[in-house]
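The values are calculated or read from the model by the stated rules, or taken from the named source; none is laboratory data. Quantities reported herein were computed from a predicted structural model and do not represent experimental measurements. Positions of Cβ are generated from backbone atoms using ideal geometry, with glycine treated the same way; all protein chains shown enter the neighbour counts. Areas reflect the complete protein model, heavy atoms only, side chains present, ligands, DNA and RNA absent. Shrake-Rupley method; radii C 1.70, N 1.55, O 1.52, S 1.80 Å.
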Amino acid sequence: MEQIDIFQPKNDGRAKFHRRKDLTFEIRLYIAFLAMMSNRWGLISQLAKKHAISRTFVYMLQDELQTAVQDVFQVRGQPEKQLTIEREKVQSVVCALSLRLEGKCSIPSMSWIMERLGVGNSSVGWISQTLGRIGANLSNTIDIGDGNVLYVYLAADEVFSCSRPILISADPISTAILRIELAESRKTEDWIAHFNELKKNGVEVILVVSDEGVGLCSAVGQAFQGTNRQPDTFHAISHRLGKWVDILERSAYAAIAQEYQREHVFESAKTENVMQKRFDAYIDAQTKTGQAITLYENFKFLYHCTINEFQVFDKSGGPRNRKGAEENIRVALDYMIGLPIDKIKKEINTINNLLGDLLGYLDIAGQITKDLTLKVAPRHIVQSFSLAWQYQKNAIKAKKNGRKKYFERKQKEKLEKLATILGEKFEMVKESIYAELDKIIQSSAIVENINSIVRMFLNTSRNNINQELLNLIMFYHNHRRYKAGKRKGKTPMELLTGKKQNKDWLEILLNIDKVDQACQIAA
């Protein structure tokens, strides 16, 4: 494979690499030989400086020479020694992959840890090159294979590495990453190409959920014609209106503090003239406090009325009526516009325009509960499980610990009653009903969770990331086993495909790497 040693810009402004002709074969061999045979401190840096190349490139030449001569000059009759060398290499790879993916460590930190533990091949260059090689052998798009088709719900979003977007598509039910791509931009044509790769690999989309990004929405309409798009209810409502609850609460507390301050100043007045002025200021502050508290309480009440209408099921466990929910939300929004908050009117108008599409999931919920009543359990059983499922969702979304525990307790109480009624059938019925209810998608929150995982790697990579690492992140995420939560004991790939995964993600990855190396040697 031709090495790339010097960077030059293309005419179109994009990056291109050219092979340096001044670094002849003999020079490269000499550099690799010195690097491999000498243990002198600082030699790698000297070679890099002398020949105007990177330290990583020196390590790469060293590794290639060592691999090339290993079979020729290995000691015959000492298979145990050769086996020991191979085991040390595997140990180094296992340690590097574990620290990078499970430990979220930076490469310099990995090098220090591996050296401290006495693990061989602990140099920064070796680790970087090895992880890059393994990542390059992995795909960034899920492949169904054998001409099969997989029908999925799709959630899409992007996260940024410096100024470059990382386009991510995931299945919100299984949480599996379907495609992850370091792109040049997030324009419509980039998202269309992203989605076309999914379709090419056998992925068919039932429903798309996303935020209101212009390029993303346009691409969904063109790539998935006839497929419904569910706007993200979090970005549409909580993201736009929820922050105002906190803003108005802080304003109310600030007004109260100002009132107390004016009262204190008034009490310290000495003359009648000063007392009158300070009393008037205190009364004015008291009036403003009352107004701020009233505004906060009114807005908070209307906000919670609005949020409550986005609950999938009503208090009896029946699916909420879409038309009634939309009417109630519009009434609450109309009252909000009447409040003296000028900056919020634009947000409310945006929500009003989206509202027709925002509640599409209620139609899906109605059809799912109807099918469950016909095929799985009586109506009252389905409604009880629906409420328990909704309590579970609310507990997951709750930010305050008290609220989280409240919903967890409500779910537990509901499930205990159902267990008493259903007896041995309880687990089977619960699993069947919950699996169908999980198809009710309201937000692209799963992509936000994946974004947060990617950001952890960005933080340990100085905010720079490459496609090879993204491939590794996708493989690890899809094949790792959940340790807690409702998906405990399952891997995203198991949930997506329904096929049992018997091996750990690391064992699967090492097997893939061995097969790839064997293919390279055969070629």
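Determine ³J(HN,Hα), in whole Hz, for all residues of region 229-237 in sequence, where each value follows from phi through the Karplus function 6.51 cos²θ - 1.76 cosθ + 1.60 and θ = phi - 60°; x replaces Gly and Pro.
Those phi angles translate into 10, 9, x, 5, 5, 5, 5, 6, 10 Hz.
Put SER316, SER238 in order of accessible area, largest first, 1.4 Å probe: what do you get? Can you show the working numbers first?
Details: SER316 70, SER238 35 Å².
Of SER316, SER238, the descending order of accessible area is SER316, SER238.
Which entries of LYS104/LYS430; LYS417/LYS490; LYS199/LYS404; LYS370/LYS397; LYS425/LYS486 show an alpha-carbon separation above 30 angstrom in the structure shown?
Violating the 30 Å Cα-Cα cut-off are LYS104/LYS430; LYS199/LYS404.
What whole-number value in Å² describes the accessible area per residue of the chain for a 1.4 Å probe?
Working: 29730 Å² over 523 residues.
Accessible area per residue: 57 Å².
Stretched out fully, how many nm does the piece from LYS412 to ILE307 gain, at 0.36 nm a residue minus the Cα gap? Could you put the intermediate results ahead of the total?
On the way: separation 105, 0.36 × 105 = 37.80 nm, distance 2.35 nm.
Gain in length upon complete extension: 35.5 nm.
At a threshold of 8 angstrom on Cα-Cα distance, excluding pairs fewer than six apart, so keeping six or more, what relative contact order does region 314-436 reach in percent?
Numbers: 83 pairs, mean separation 32.9, N = 123.
Relative contact order for region 314-436 comes out at 27 percent.
Over the Cα atoms, compute the radius of gyration (one decimal) and Dmax (the largest Cα-Cα distance, rounded to a whole number) for the chain, in Å.
30.3, 109
Projected onto the charge dipole of the chain (+1 at Lys/Arg Cβ, -1 at Asp/Glu Cβ, origin at the Cα centre), which of LEU167, ILE446, TYR296 gives the Cα projection farthest towards the positive end?
Working it through, the farthest residue towards the positive pole turns out to be TYR296.
How much length would be gained if the chain were fully extended between LYS315 and LYS187, taking 0.36 nm per residue of separation minus their Cα-Cα distance, in nm to one decimal? Don't skip to the end; give the middle numbers.
Details: separation 128, 0.36 × 128 = 46.08 nm, distance 4.29 nm.
Taking 0.36 nm per residue and subtracting the Cα distance, the gain is 41.8 nm.
Say R0 is 60 Å: what FRET efficiency, to the nearest 0.05, do LYS404 and GLN46 get from their beta-carbon distance? Don't skip to the end; give the middle numbers.
On the way: r = 58 Å, r/R0 = 0.97.
Efficiency, rounded to the nearest 0.05: 0.55.
If the cut-off is a Cα-Cα distance under 18 Å, which aspartates and glutamates reach LYS405, setting aside same-chain residues fewer than 8 apart in sequence?
Leaving aside aspartates and glutamates fewer than 8 places away in the same chain, those within reach of LYS405 are GLU413, GLU416.
With a bin width of 10 angstrom, please list the P(r) values of region 352-406 as percents of all Cα-Cα pairs, from the 0 bin to the one holding the largest distance.
Values per bin, smallest distances first: 21, 34, 33, 12.
Collect residues whose amide H, placed 1.01 Å from N in the peptide plane, falls under 5 Å from the amide H of LEU178; neighbours closer than 5 in sequence don't count.
Long-range HN contacts for LEU178: SER169, ALA170, ASP171.
Using the 2.2 N^0.38 Å rule of thumb for compact globular proteins, work out how region 152-223 stacks up: its C-alpha Rg over that value, please. Mind dumping the intermediate values first?
On the way: Rg = 11.2 Å, N = 72, 2.2 N^0.38 = 11.2 Å.
Cα-based Rg divided by the globular estimate yields 1.00.
Assign unit charges at the C-beta atoms only (+1 for Lys and Arg, -1 for Asp and Glu), then state the dipole size of region 374-502 relative to its Cα centre in Debye, rounded to the nearest 20. Please list the in-between numbers first.
Values: 28 positive and 11 negative charges, 100 e Å.
So the dipole magnitude of region 374-502 works out to roughly 480 debye.
Roughly how many debye, to the nearest 20, is the charge dipole of the chain about its Cα centre, given +1 on each Lys and Arg Cβ, -1 on each Asp and Glu Cβ, and no other charges? Numbers along the way, then the final one.
Values: 74 positive and 61 negative charges, 189 e Å.
The dipole of the chain has a size of about 900 debye.
Rounded to the nearest 0.05, what FRET efficiency is calculated for LYS104 and TYR482 with R0 set to 22 Å and r the Cβ-Cβ distance? Can you show the working numbers first?
Values: r = 17 Å, r/R0 = 0.77.
According to the calculation, E is roughly 0.85.
Search the structure for amide H atoms under 5 Å from the amide H of ILE206, placed 1.01 Å from N in the peptide plane, and list their residues when 5 or more places away or on another chain.
Close amide H contacts, sequence-distant or interchain: VAL152, TYR153, LEU154.
Taking the mean number of other Cβ atoms within 10 Å as a proxy for protection, how do you rank 23-31, 161-169 from highest to lowest?
On the way: 23-31: 13.8, 161-169: 18.7.
Top to bottom by mean Cβ count within 10 Å: 161-169, 23-31.
Accessible area of the chain with a 1.4 Å probe: how many percent of it is carbon plus sulfur? Could you put the intermediate results ahead of the total?
Values: 15650 of 29730 Å².
The C+S portion of the solvent-accessible surface of the chain is 53 percent.
Starting from the 7 Å offset along Cα-to-Cβ, what nm value, one decimal, do you get for the label separation of ILE27 and ILE512?
Placing both labels 7 Å along Cα→Cβ, they lie 3.8 nm apart.
Pick out, in residue order, every one of the trypsin sites (Lys or Arg not before Pro) in region 432-481 that is DSSP loop and has at most 11 other C-beta atoms within 10 Å; say none if there are none.
Numbers: sites: LYS439, ARG455, ARG462, ARG480, ARG481; in loops: LYS439, ARG462, ARG480, ARG481.
Answer by residue number: ARG462.
Just to verify a number: FRET efficiency for ALA136 and ASP357, C-beta to C-beta distance, R0 = 35 Å, to 0.05?
Values: r = 41 Å, r/R0 = 1.16.
The formula returns an efficiency of 0.30 here.
Could you work out the relative contact order of the chain? I mean the mean sequence separation of Cα pairs under 8 Å and 6+ apart, divided by the number of residues, in percent.
On the way: 628 pairs, mean separation 81.9, N = 523.
Relative CO of the chain lands at 16 percent.
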